[in-house]
1. What strands (runs of 3 or more DSSP E), lying completely within the stretch 56-150, carry at least 3 residues that are open to solvent by 20 Å² or more (accessible area, probe 1.4 Å) and among the hydroxyl-bearing types (Ser, Thr, Tyr)?
2. Select from the stretch 157-175 the residues that are touching a Phe, Trp or Tyr at 6+ places or on another chain (Cβ under 9 Å) and of a type outside the set (Ser, Thr, Tyr) and list them in ascending order.
3. For residues that are within 19 Å of the chain's Cα centre (by Cα), part of a loop (DSSP other than H, G, I, E, B) and under 21 Å from residue 125 (Cβ atoms), tally how many sit in the stretch 151-194.
4. Please tell me if residue 113 is touching an Asp or Glu at 6+ places or on another chain (Cβ under 9 Å), of a type in the set (Asp, Glu) and at pLDDT 95 or above.
5. Would you confirm whether any residue within the stretch 56-76 is closer than 22 Å to residue 177 by Cβ and modelled with pLDDT of 95 or more?
Amino acid sequence: AKHAAVTSISSSSSSYSIAKKKASFMNKKKKNITTTMATPKTTEEEAAHPNENDEKITNASCYCGKIKMEILGKPIAVSICHCTVCRRLSGGAFSLQSLHSQKNFTCAATENDLWSIQSSPNVTRYRCKECGSPVYATLGKGKTYVVPRSALTNIAKDDQSFKPTHHMHYKQRCIDIEDELPKFVGTSAPGRAEIWNPSLD
C-alpha cells in the first residue's frame, strides 16, 4: 500500500509538470500581438461619450465582429490614399484611414485571429481570419496604427475629429477628386511631402 501511494504521488507530480508546461506553451502561442491601454472596456453607449480625461473612445471591428478594437482620443491625421497597393488591397478607388499612436490603440486579437501581409518595408496590414476584412495596419515597426474608416462603428459621418486632412500618392490616382484638401504627389511625411499640381501628371 505504501509503494502504491508513492507511485500515485509520483504520477500526479508528473502529470502536473506536463500540464504546467503545456499551459505555458499555449499562453506564449496565444500572446496578444498588439498593445493594450489602461482604459477599461466600454459598452457601445458609453463609448460615444468622453471619458474622465475628456478623450473620446472610438470603437472599431471587422465585418463579422470577432475582432474588436478601441481608439483613445483624436487621430494624428486622416488620410485619403490613392496608391496602387491600397487600391488593390481594398478593392476601392482609394482608401480612407485614420492614424493613431501605439499608446492610444488596443485590440484583443491573438495571432490565431489575424493574418497579415507586409505590403512594404514600413507597412504591415492585418485582416480578420474569419471574414477577411481589413482591421488595421502598422507603420514604423508598430509605432503608428492605421485604422480603415469603414471599421469604425460608433462615429457619425460628419464627426470633425475623423474628417479627412489630405490626399496622398495622388499622382497614382485612378479618379480625380475635386476638393480643397492638400494633395501630395507621394508620401505626406513631414520633410518628404511634395504638393501635387496638374503639371506633375
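1. 114-120
2. Step one: filter the stretch 157-175 for residues touching a Phe, Trp or Tyr at 6+ places or on another chain (Cβ under 9 Å), giving 166-171, 173-175.
Correct list: 166, 167, 168, 169, 171, 173, 174, 175.
3. 2
4. Spelling it out, residue 113 is indeed touching an Asp or Glu at 6+ places or on another chain (Cβ under 9 Å), of a type in the set (Asp, Glu) and at pLDDT 95 or above.
5. Taking the stretch 56-76 as the starting set, the residues that turn out to be closer than 22 Å to residue 177 by Cβ are 75-76.
Retained after the next criterion (residues that are modelled with pLDDT of 95 or more): 75-76.
Within the stretch 56-76 (the criterion being closer than 22 Å to residue 177 by Cβ and modelled with pLDDT of 95 or more), the answer is yes, since at least one residue qualifies.
The values are calculated or read from the model by the stated rules, or taken from the named source; none is laboratory data. Quick caveat: nothing in here was measured; it's all calculated off a predicted structure. Don't worry about glycine lacking a Cβ; one is built from the backbone with ideal geometry, like all the others, and counts go over all protein chains shown. The protein model used for the area step is the full one, side chains on, heavy atoms only, and it has no ligands, DNA or RNA in it. Shrake-Rupley method; radii C 1.70, N 1.55, O 1.52, S 1.80 Å.
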